[in-house]
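Written below as structure tokens is the structure these notes are about.
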Amino acid sequence: DTAVSQTPKYLVTQMGNDKSIKCEQNLGHDTMYWYKQDSKKFLKIMFSYNNKELIINETVPNRFSPKSPDKAHLNLHINSLELGDSAVYFCASSQAGGDEQYFGPGTRLTVT
Amino acid sequence: GENVEQHPSTLSVQEGDSAVIKCTYSDSASNYFPWYKQELGKGPQLIIDIRSNVGEKKDQRIAVTLNKTAKHFSLHITETQPEDSAVYFCAAPISSGYALNFGKGTSLLVTP
């Protein structure tokens, strides 16, 4: 059973479009995260949620809007996609802040 | 937490040799230091972690050491195998604890 899953795995779209990435965890964790990995493999936190509440929003443009319908899901919606949004986006979860984080397989977003 | 520096950026070793990757952090309040292994096309996988109340932790061929005074921690892999080839990341919590700051990664190549 997959612990942290993301869909889709690949996403190719044109500039200006709106897209969503979905994340689900079946670990019973309370905290979920979105990280962005750029072309140089640098991993950077975008958002973290604890019990469906936004905890961290790390200088991410307003075009990115996370939504947590319940503790097991954290989706990422991106409006007006730009070339610079091309990256791999990873969802992760942990029991609480400061605990071990487990990552999903990633969504490779390519904006043309 | 906050700034995490990781060295080297690339490391090539012969099968059976040892590999050492070093990281330094800036936030003296940091108390949790995980290491992740990322294989091509996959998400980061937690391989070992250490908390600030211990100086060393081992799990079979991998070990992590922590020097709180010097604010650095290291990953040691002994008897390396080709399947150890991957990108390795160190990390430390940001000040709130609800996300990780990652080093820039070390690309390890183990040649037969």
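Remind me, relative contact order of region A:8-56 in percent, using alpha carbon pairs under 8 angstrom and six or more residues apart? Intermediate values should be presented prior to the final figure.
Values: 42 pairs, mean separation 12.0, N = 49.
It comes to 25 percent, rounded to a whole number.
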Next on the checklist: Let me check something: with ligands and nucleic acids excluded, how do A:Lys44, B:Lys58 order by accessible area (1.4 Å probe), largest to smallest?
Outcome noted: B:Lys58, A:Lys44
Item to check | Entries in A:Lys36/B:Lys57; A:Lys9/A:Lys36; A:Lys44/B:Lys22; A:Lys40/B:Lys58; A:Lys41/B:Lys37; A:Lys52/B:Lys71 that, when Cα-Cα distance is taken, lie over 23 Å | outcome: A:Lys36/B:Lys57; A:Lys40/B:Lys58; A:Lys52/B:Lys71
Checklist entry - Over what distance in Å are the Cα centres of region A:34-112 and region B:12-88 separated? => result 24
Checklist entry - For chain B, what is the Kirkwood estimate of the hydrodynamic radius, computed as the reciprocal of the mean inverse distance between distinct Cα atoms, to one decimal in Å? => result 13.9
Checklist entry - For A:Gly97, which sequence-distant residues (separation of 5 or more, or a different chain) have an amide H within less than 5 Å of its own amide H, given hydrogens modelled in the peptide plane? => result none
Item to check | Residue-by-residue Karplus 3J(HN,Hα) for region A:41-58, coefficients 6.51, -1.76, 1.60, Hz, glycine and proline x | outcome: 6, 6, 9, 9, 5, 10, 9, 9, 10, 10, 6, 6, 9, 5, 9, 10, 9, 8
Checklist entry - If you place +1 on the Cβ of every Lys and Arg, -1 on the Cβ of every Asp and Glu, and leave all else neutral, what size is the dipole of the protein assembly as shown about its Cα centre, to the nearest 20 Debye? => result 340
Next on the checklist: Can you compute the charge dipole magnitude of chain B about its Cα centre, using +1 on each Lys and Arg Cβ and -1 on each Asp and Glu Cβ, nothing else charged? Give it in debye, rounded to the nearest 20.
Outcome noted: 300
Checklist entry - Each residue of region B:88-96 in order: what ³J(HN,Hα) in whole Hz does its phi give by Karplus 6.51 cos²θ - 1.76 cosθ + 1.60, θ = phi - 60°, with x for Gly and Pro? => result 10, 10, 9, 7, 8, x, 6, 4, 6
Checklist entry - Over region B:17-80, with a single point scatterer placed on each C-alpha, what log10 of the ratio I(q)/I(0) does the Debye formula yield at q = 0.13 1/Å? => result -0.36
Next on the checklist: Could you give each residue of region B:72-83 its phi-based ³J(HN,Hα) in whole Hz, using Karplus coefficients 6.51, -1.76, 1.60 with θ = phi - 60°, and x for Gly or Pro?
Outcome noted: 9, 9, 9, 10, 10, 10, 9, 6, 4, 10, x, 6
Checklist outcome for this item: In whole µm²/s, the translational diffusion coefficient that Stokes-Einstein assigns to region B:43-86, given a Kirkwood hydrodynamic radius over C-alpha pairs, 37 °C and 0.692 mPa s, equals 283
Checklist entry - Other chains' Cβ within 10 Å of A:35-43 residues: what's the mean? => result 4
Checklist outcome for this item: Relative contact order of chain A (C-alpha contacts under 8 Å, at least 6 apart) in percent is 37
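What is the average number of partner chain Cβ atoms found within 10 Å of a Cβ in B:89-98?
Values: counts 4, 0, 2, 0, 4, 5, 0, 5, 9, 13.
Per residue, the average neighbour count from other chains is 4.
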Item to check | B:Glu15 long-range amide H proximity, modeled H, under 5 Å | outcome: B:Thr111
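At 1.4 Å probe size, put A:Arg108, A:Arg63 in order of accessible surface, largest to smallest.
Values: A:Arg108 120, A:Arg63 45 Å².
Listed by decreasing accessible area, they come as A:Arg108, A:Arg63.
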Item to check | Ranking by accessible area, most exposed first, for A:Ser20, B:Ser95 with a 1.4 Å probe | outcome: B:Ser95, A:Ser20
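Rounded, prolate or oblate: which fits chain A when a ≥ b ≥ c are the square roots of the eigenvalues of the alpha-carbon gyration tensor, with rounded for a/c under 1.5 and prolate only if a/b beats b/c?
Numbers: a/c = 1.74, a/b = 1.60, b/c = 1.09.
Here chain A falls in the prolate category.
Could you work out, residue by residue across B:74-85, how many beta carbons of other chains sit within 10 Å of that residue's beta carbon, and then give the average as an integer? Don't jump to the answer; show the numbers that get you there.
Numbers: counts 0, 0, 0, 0, 0, 0, 0, 0, 0, 0, 0, 0.
Mean number of neighbouring Cβ atoms from other chains: 0.
The values are calculated or read from the model by the stated rules, or taken from the named source; none is laboratory data. Computed from a prediction, not measured in an experiment: that's the story for all the values here. Ideal geometry is used to build each Cβ from the backbone, glycine not excepted, and the neighbour counts take in all protein chains shown. Areas reflect the complete protein model, heavy atoms only, side chains present, ligands, DNA and RNA absent. Shrake-Rupley method; radii C 1.70, N 1.55, O 1.52, S 1.80 Å.
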